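Asks: The structure under discussion is supplied below as structure tokens; questions concerning it will follow.
The values are calculated or read from the model by the stated rules, or taken from the named source; none is laboratory data. Note that the structure is a prediction, hence the values are computed from the model and not measured. Ideal geometry is used to build each Cβ from the backbone, glycine not excepted, and the neighbour counts take in all protein chains shown. Side chains included, ligands, DNA and RNA excluded: accessible areas come from the protein's heavy atoms. Shrake-Rupley method; radii C 1.70, N 1.55, O 1.52, S 1.80 Å.
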Amino acid sequence: MAAQKQKKYFFNLSKAEVVLWSVSVFTIMLSFCLFDKENFLTLIASLIGVTSLIFNAKGNPFGQFLMVLFSLLYGIISFSFAYYGEMITYLGMTMPMSIFALISWLKNPYNGNKSEVKVNVIHKKEVFFMSVAAVIITEIFYFILKYFNTENLIPSTISVTTVL
């Protein structure tokens, strides 16, 4: 019950969550200033990405909207560095999944609160389908990534499953 009484800040985030987000943003900015100083699109994408993660963790649809933007930016960045496998993964998989999730989350608010999604219970049948789909999609992406001569093919392929 203490969590319910905890004061909320910045788009319904708790004080601890704001601190976590702030430290993440600070770390990204510091890294950019120390090591890069040039690729502002990468900086913007990183800031959008870390912000989307905190909102997605809270079940806030705004996080899925930000993930769509992040995927688009990361696709552009990946293309500019000839990371075609990453580009295909984010534009062809992560972005569409985020769009579908955003639509689903907006259609299923928790107790009428549009900034929080109703949680679904996953049944055994869904776990089975999800597992089979993950294996099939990962195998398909192995060949796609291989076609584009992706460096570190096996770790890159396995990372596709983590995005699922």
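Residue-by-condition table, conditions (1) closer than 24 Å to residue 32 by Cβ; (2) open to solvent by 70 Å² or more (accessible area, probe 1.4 Å); (3) assigned to a helix (DSSP H, G or I):
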site: 51; (1), (2), (3): yes, no, yes
site: 54; (1), (2), (3): yes, no, yes
site: 62; (1), (2), (3): yes, yes, yes
site: 67; (1), (2), (3): yes, no, yes
site: 75; (1), (2), (3): yes, no, yes
site: 79; (1), (2), (3): yes, yes, yes
site: 89; (1), (2), (3): yes, no, yes
site: 96; (1), (2), (3): no, no, yes
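Residue by residue, here is whether (1) free of Cβ contacts under 8 Å to residues at least 24 places away in the same chain; (2) touching a strand residue (DSSP E or B) at 6+ places or on another chain (Cβ under 6 Å); (3) among the basic types (Lys, Arg); (4) not in a loop (DSSP other than H, G, I, E, B) holds:
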site: 116; (1), (2), (3), (4): no, yes, no, yes
site: 125; (1), (2), (3), (4): yes, no, yes, yes
site: 136; (1), (2), (3), (4): yes, no, no, yes
site: 145; (1), (2), (3), (4): no, no, no, yes
site: 151; (1), (2), (3), (4): yes, no, no, no
site: 158; (1), (2), (3), (4): yes, no, no, yes
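Asks: Give the number of residues within region 98-113 that are over 16 Å from residue 69 (Cβ atoms), open to solvent by less than 60 Å² (accessible area, probe 1.4 Å) and assigned to a helix (DSSP H, G or I).
Replies: 1
Asks: Test of understanding: among 107, 125, 114, which residue is of a type in the set (D, E, K, R) and touching a helix residue (DSSP H, G or I) at 6+ places or on another chain (Cβ under 8 Å)?
Replies: Within the list 107, 125, 114, the selection yields 114.
Asks: Are any of the residues in region 50-59 of a type in the set (A, V, I, L, M, F, W, C) and more than 13 Å from the chain's Cα centre (by Cα)?
Replies: No, there is no match, as no residue in region 50-59 is of a type in the set (A, V, I, L, M, F, W, C) and more than 13 Å from the chain's Cα centre (by Cα).
Asks: Right, something else. Kindly establish whether residue 138 is surrounded by 13 or more Cβ atoms within 10 Å (Cβ to Cβ), under 19 Å from residue 52 (Cα atoms) and at pLDDT 85 or above.
Replies: no
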